[in-house]
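S.K.: Please read through the structure below; I'll follow up with questions.
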């Protein structure tokens, strides 16, 4: 399928590396102008320059409401609009329930859930006026099934799924679509550090017998951003090689 996003502007949080970087690259390849976002503005600008001549880099702390609101405003000012919002930024501070510190709970929820809420609220104001918008939130299979040692992370991703469904119902009449992509285990810096024994155990749980690739997520996000997905909203798409089916 040839997806054409020419004339669209996309903002992807957490897009200097990993899954977010692959999403930004895929959207740019389809013709969108992309705002690449990371905590470090310099690194974001370097990534943007490598992705596309029309991409721009921005520094923002997704856990800080003021920073997120300013980010959305800057992107709309620089590009003239904001059509596609991909809330990808996230962090983990894993521990068993009884050992999770309050500050670690708050940090994960602030970045993974509240940051997405603030960005969505800020972006949808312009989308409502233009009567067009695509919001794709990157959750996790952990938000569907839970995971030992990740009560904070699972809560943030489950909350993201619930928020997306509510946004989809509220904004459908304005042609703003909201969907979730929930990755399983994807080839990233984190999974690269796993031992061979851990990978063998993990692969045994995945019917396809391998980790996913960032491009597996990016391709779906690009599709959901396009007119080909104009009748899809409020859905959660699990990309996990069959692990939790």
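S.K.: Taking springs between alpha-carbon atoms closer than 10 angstrom, which of 153, 58, 231 fluctuates most in the Gaussian network model of the chain?
M.R.: Highest fluctuation of the listed residues: 231.
S.K.: Does anyone have the angle between helix 115-130 and the longest principal axis of the chain? Alpha-carbon axes, 0 to 90°, nearest 10?
M.R.: For helix 115-130, the angle is close to 30 degrees.
S.K.: Continuing with the same structure: Want the number for residue 210 to residue 49: 0.36 nm per residue separation, take away the alpha-carbon distance, what's left? Can you show the working numbers first?
M.R.: Working: separation 161, 0.36 × 161 = 57.96 nm, distance 3.17 nm.
Result for the pair: 54.8 nm of gain on full extension.
S.K.: Note down the relative contact order for the chain as a percent, whole number, built from C-alpha pairs under 8 angstrom at least six residues apart.
M.R.: Details: 509 pairs, mean separation 47.9, N = 245.
So the answer I get is 20 percent.
S.K.: Can you sort 5, 82 by how many other beta carbons sit within 10 Å, fewest first?
M.R.: Numbers: 5 23, 82 26.
Result, fewest neighbours first: 5, 82.
S.K.: What relative contact order, as a whole-number percentage, does the range 1-114 give when Cα pairs under 8 Å and 6 or more residues apart are counted?
M.R.: Numbers: 204 pairs, mean separation 29.1, N = 114.
Result for the range 1-114 is 26 percent.
S.K.: Run the numbers for residue 231 and residue 170: contour at 0.36 nm per residue of separation, minus the present Cα-Cα distance, in nm.
M.R.: On the way: separation 61, 0.36 × 61 = 21.96 nm, distance 1.53 nm.
Additional length available on full extension: 20.4 nm.
S.K.: Which residue, 114, 21, 210, tops the fluctuation ranking in a GNM of the chain built on C-alpha contacts under 10 Å?
M.R.: Greatest mean-square fluctuation among the candidates belongs to 210.
S.K.: Then there is this: As I understand it, the value is the acute angle between the Cα axis of helix 18-29 and the longest principal axis of the Cα atoms of the chain; what does it come to in degrees, rounded to 10?
M.R.: 30
S.K.: Quick check: the angle from helix 214-224's long axis to the longest principal axis of the chain, C-alpha only, nearest 10 degrees?
M.R.: It is inclined by approximately 40 degrees.
S.K.: For the range 106-245, state the semi-axes of the equivalent ellipsoid (square roots of 5 times the eigenvalues of the alpha-carbon gyration tensor), sorted largest first and rounded to whole angstrom. Before the final figure, lay out each step's value.
M.R.: Details: eigenvalues 172, 59, 28 Å².
Output for the range 106-245: semi-axes of 29, 17, 12 Å.
S.K.: Mind checking which of 46, 189, 170 has the largest fluctuation in a GNM of the chain, springs on alpha carbons under 10 Å?
M.R.: 189
S.K.: Provide, for q = 0.11, 0.15, 0.17 Å⁻¹, the log10 of I(q)/I(0) from a solvent-free Debye sum over equal Cα point scatterers in the chain.
M.R.: Taking Cα atoms of the chain as identical point scatterers yields -0.54, -1.02, -1.32.
S.K.: Quick one: grab Rg to one decimal and Dmax as a whole number for the range 170-245, Cα atoms only, in Å.
M.R.: When restricted to the Cα atoms of the range 170-245, Rg and Dmax are 15.4, 50 Å.
S.K.: Per DSSP helix of 4 or more residues, -39500 (n - 2.57); summed, then divided by the residues of the chain. What does that give at 222 nm, rounded to the nearest 500? Walk me through the numbers on the way to the answer.
M.R.: Numbers: 10 runs with 110 residues, N = 245.
My calculation for the chain gives -13500 deg cm²/dmol from helical runs alone.
Just so you know, all these numbers are worked out from the coordinates, no wet-lab data involved. Predicted model only: the values in this text are computed from it and were never measured. Virtual Cβ from ideal backbone geometry, glycine too; neighbours counted across all protein chains shown.
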